[in-house]
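Scroll down for the structure; my scribbles are underneath it.
The values are calculated or read from the model by the stated rules, or taken from the named source; none is laboratory data. Remember, it's a predicted structure, so these values are computed and weren't measured experimentally. Here the Cβ positions follow ideal geometry from the backbone for every residue, glycine too, while neighbour counts run over all protein chains shown. Side chains included, ligands, DNA and RNA excluded: accessible areas come from the protein's heavy atoms. Shrake-Rupley method; radii C 1.70, N 1.55, O 1.52, S 1.80 Å.
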Amino acid sequence: MRKLLLLGLTLCSGLVFAARLFYLQIYDSSFQKLSENNAIKMVYDFPERGFIFDRNGKLLVANQPAYDIMVIPRNVKDLDTLSFIEDLGISREEFDKKLSKAWTYSPRIPSPFMPQLTKEEFAALQEKMYQYKGFFIQKRSLRDYQVAHSANVLGFIGEVNDGIMKRNPYYRLGDYIGMTGIEKQYEEVLRGVKGVKYIQKDRFNKDIGPYKEGIFDTIPVSGRDIVLTLDSELQAYGQLLMQNKRGGIVAIEPKTGEILSLITAPSYDPDYLVGRKRSKNYTALYNDSIAKPLFDRVLEGQYAPGSPFKALTSLIALEEGVITADERISCSGAYYYGGRKPLGCHAHRGPLDMVGGIANSCNTYFCTAYRRTIEKYDSPQEGIDAWHNHLESFGLGNYMGYDLPSGRKGYIPDSDFYNRSYNYPKYRWYATATISNAIGQGEVTMTPMQMAHTASVIANKGWFYRPHIIKQIKGVDTLPQKYTEKHYSSISPEHFDPVIEGMFDVYNEGTAEYIQIPGIEICGKTGTAENFTRIDGEVVQLTDHSIFVAFAPKDDPKIAIAVFVENGYWGSRWAGRIAGLMIEKYLRGEISRQDMEDFVINGSLEDEYAKPFLGEPFLINQ
């Protein structure tokens with residue numbers, strides 16, 4: 001009986017062990033997968049990022065090869081650390097920091113240990129990498145900029161961070177993504193789709209070929225090429241004109257809303273933020289708090305528009321029926337209102353009708369037109385809101401929907417703003433309290449992009465397309481509808497004629513008479529905007545900004561432009577000259593006013609920008 005019991009126990013135990021062994025070896029594949037993971041390396045095959053071209057087919061951005069040293073921390077074994085760090089040219093502290101970061105990310109998933117090796121560094125290391133278990137080299141491509149301009153437009157790519165990876169599971173540590181500009185706006189179009197290769201390794205950590213003959217591998221899908229609306233030659237010329245100056249240039253094709261030029265100054269060579277030097281160089285640019293090369297003045301700078309805003313004051317007054325184009329208004333050298341300090345005006349002939357008022361930039365004329373607009377209504381609140389709504393129909397006080405990732409809205413005040421500012425109803429306010437709005441000062445702010453857009457709307461006599469910088473996505477037949485949908489301002493088309501005539505006379509007999517371009521009928525408006533900053537806790541008035549908006553030719557506009565030059569004295573001195581040169585460059589391809597070009601290219605405002613730090617006086621235009 002005891003023998004039978006012992007035999008039974010033995011048989012039962014054997015069956016249990018056999019069943020368990022069968023389960024582990026046949027049914028449960030987890031140990032097999034673990035074994036395979038130790039012998040299989042997953043390598044991402046990064047696609048070629050899409051190329052970027054200008055409107056004329058000129059290549060702006062291509063790709064160049066780069067190599068990343070990747071690490072799988074759990075596979076790092078028997079490492080000759082001293083030899084490894086000598087080959088890489090790094091310190092032991094840097095090695096420990098990089099490996100610790102990789103462990104934190106994942107012990108099993110590859111992550112970048114040292115990105116963006118050069119061809120020479122790759123050639124010196126590739127034959128040695130088998131000695132360093134857990135490390136391998138992965139090929140990728142970096143951007144290769146073919147031009148030294150347009151950094152603010154093109155943007156740059158950089159390594160993804162934790163926040164990006166959490167928001168989008170497509171990206172893994174070490175991946176690159178568009179950070180600014182076109183690279184960011186059209187990231188999903190440009191990036192393509194990553195491929196994956198599973199590589200089998202032997203016990204010496206050498207690659208021995210694709211796993212299971214590559215049946216699980218996927219091939220990368222290249223990103224799509226895109227064509228921008230920019231004119232590369234015009235961009236390069238504009239950047240040359242803006243050297244040693246601060247500000248921006250925006251040029252738009254009125255009939256399409258296509259952005260022909262978008263320049264911020266100062267800027268930098270886009271190649272400056274490529275490769276292993278990117279982080280160091282970006283830090284230097286970011287820390288430049290004086291010139292602010294990373295600040296896109298044309299999209300993010302919000303400035304008082306100055307006298308170019310007078311064209312809008314005229315249009316609103318005409319639409320509201322409070323003035324006619326033929327009515328003449330007298331000016332005694334200043335606009336007097338409510339016993340306060342008069343609003344000054346420069347000397348000119350008079351009295352002036354609307355065409356003359358615009359040509360001579362008479363403050364009295366536009367203050368009168370603005371005040372009548374507001375006082376047409378039963379209350380100043382209603383008047384301000386009617387004025388605000390007209391401006392809003394131009395796209396002002398908003399982003400306008402252009403296809404660039406950065407920007408500011410500018411500001412067009414309404415009655416709620418003034419009610420808060422003047423503590424209404426405790427203190428009543430009237431049209432005279434907001435009179436500075438009439439001449440583009442006051443609380444109104446616009447970006448240079450909005451200034452150029454306004455010139456485009458006037459050129460079209462009231463209609464417009466949203467400004468945009470994408471002309472074509474290769475392989476896609478149409479653009480997004482929002483860039484092909486026609487919009488209309490609230491101003492009737494017939495009211496634009498006297499305003500256009502007035503802007504034409506700015507060149508013929510007005511404030512831009514001496515900077516005409518022979519043979520090109522240009523409609524423009526000079527602007528001089530007050531400029532304030534805070535120095536040692538006190539608000540100080542600096543040298544005025546120079547502003548100019550224009551379009552040409554008069555009867556068939558092909559380009560609308562806004563130029564903004566910080567501390568540029570007055571409108572025609574810098575901005576007007578630059579606008580004329582840009583217009584001729586685009587329309588003719590060559591320059592006839594060599595004297596004007598020499599003045600701009602050889603001129604500098606660096607001494608003006610240094611004045612706040614040197615305690616020197618500023619030029620203030622009255």
Inset, instruction - Could you tell me which residue of the range 449-469 is nearest to the chain's Cα centre (by Cα), considering only residues that are in a helix (DSSP H, G or I) and not hydrophobic (A, V, I, L, M, F, W, C)? - result: Gln450
Inset, instruction - Tell me which residues, restricted to the range 575-622, are modelled with pLDDT of 90 or more, within 27 Å of the chain's Cα centre (by Cα) and more than 15 Å from Gln239 (Cα to Cα). - result: Gly576, Glu584, Leu587, Gly589
Legend entry - Residues that are crowded, with 16+ Cβ neighbours inside 10 Å and outside any helix (DSSP H, G or I), drawn from the range 313-325: Val322, Ile323, Ala325
Inset, instruction - Under 7 Å between Cβ atoms, at least 6 apart or on separate chains: pull out the pairs that start in the range 426-439 with a residue that is closer than 14 Å to Asp416 by Cα and end on any residue that is open to solvent by 10 Å² or more (accessible area, probe 1.4 Å). - result: Trp429/Pro380; Trp429/Tyr422; Tyr430/Pro380; Thr434/Gly442
Inset, instruction - Being among the aliphatic types (A, V, I, L, M) and in a loop (DSSP other than H, G, I, E, B) is the filter; apply it to the range 268-293 and report the residue that is farthest from Asn152 (Cα to Cα). - result: Ile290
Legend entry - Residue in the range 302-318 that is within 21 Å of the chain's Cα centre (by Cα) and polar (S, T, N, Q) present: yes
Inset, instruction - Considering (1) out of contact with any Lys or Arg (no Cβ under 8 Å at 6 or more places or on another chain); (2) open to solvent by 50 Å² or more (accessible area, probe 1.4 Å), say which one Arg466 fails and leave the rest. - result: (1)
Legend entry - Qualifying residues in the range 344-368 (those that are out of contact with any Gly (no Cβ under 8 Å at 6 or more places or on another chain) and under 15 Å from Pro498 (Cα atoms)) - the one least open to solvent (accessible area, probe 1.4 Å): Leu352
Legend entry - Of residues in the range 399-446 being more than 27 Å from Ile358 (Cβ to Cβ) and in contact with a His (Cβ under 7 Å, 6 or more places away or on another chain), the one least open to solvent (accessible area, probe 1.4 Å): Asp403
Legend entry - From Lys341, Lys376, Lys292, Lys310, residue being surrounded by fewer than 21 Cβ atoms within 10 Å (Cβ to Cβ) and within 28 Å of His468 (Cα to Cα): Lys292
Inset, instruction - Please name all residue pairs, on different chains or six or more residues apart, with Cβ atoms under 8 Å, provided the first residue is in the range 545-570 and is modelled with pLDDT of 95 or more and the second residue is part of a loop (DSSP other than H, G, I, E, B) and of a type in the set (S, T, N, Q). - result: Pro557/Asn460
Legend entry - Filtered residues of the range 49-71 (kept if in a loop (DSSP other than H, G, I, E, B) and open to solvent by 30 Å² or more (accessible area, probe 1.4 Å)): Phe51, Arg55, Asn56, Gly57, Lys58
Inset, instruction - Considering every residue within the range 492-506, establish whether at least one is assigned to a loop (DSSP other than H, G, I, E, B) and of a type outside the set (Ser, Thr, Tyr). - result: no
Inset, instruction - State whether one or more residues within the range 332-340 are in contact with a strand residue (DSSP E or B) (Cβ under 8 Å, 6 or more places away or on another chain), at pLDDT below 90 and under 11 Å from Ile439 (Cα atoms). - result: no
Legend entry - Residue satisfying all of: in the range 470-511; surrounded by 18 or more Cβ atoms within 10 Å (Cβ to Cβ) and of a type in the set (Val, Ile, Thr); nearest to the chain's Cα centre (by Cα) among these: Ile470
Legend entry - Residue ranges of helices (runs of 4 or more DSSP H) in the range 333-436 with at least 3 members under 22 Å from Gly321 (Cα atoms) and β-branched (Val, Ile, Thr): 363-375
Legend entry - Exclusive hit being among the polar types (S, T, N, Q), more than 30 Å from Lys128 (Cβ to Cβ) and either over 25 Å from the mean Cα position of the chain (by Cα) or open to solvent by less than 50 Å² (accessible area, probe 1.4 Å) (or both), set Gln200, Gln235: Gln235
Inset, instruction - Using the structure shown, decide if Leu24 is in contact with a helix residue (DSSP H, G or I) (Cβ under 7 Å, 6 or more places away or on another chain), assigned to a helix (DSSP H, G or I), open to solvent by less than 90 Å² (accessible area, probe 1.4 Å) and at pLDDT below 60. - result: yes
Legend entry - Set Gly209, Gly223: member being open to solvent by less than 30 Å² (accessible area, probe 1.4 Å), out of contact with any helix residue (DSSP H, G or I) (no Cβ under 9 Å at 6 or more places or on another chain) and modelled with pLDDT under 95: Gly209
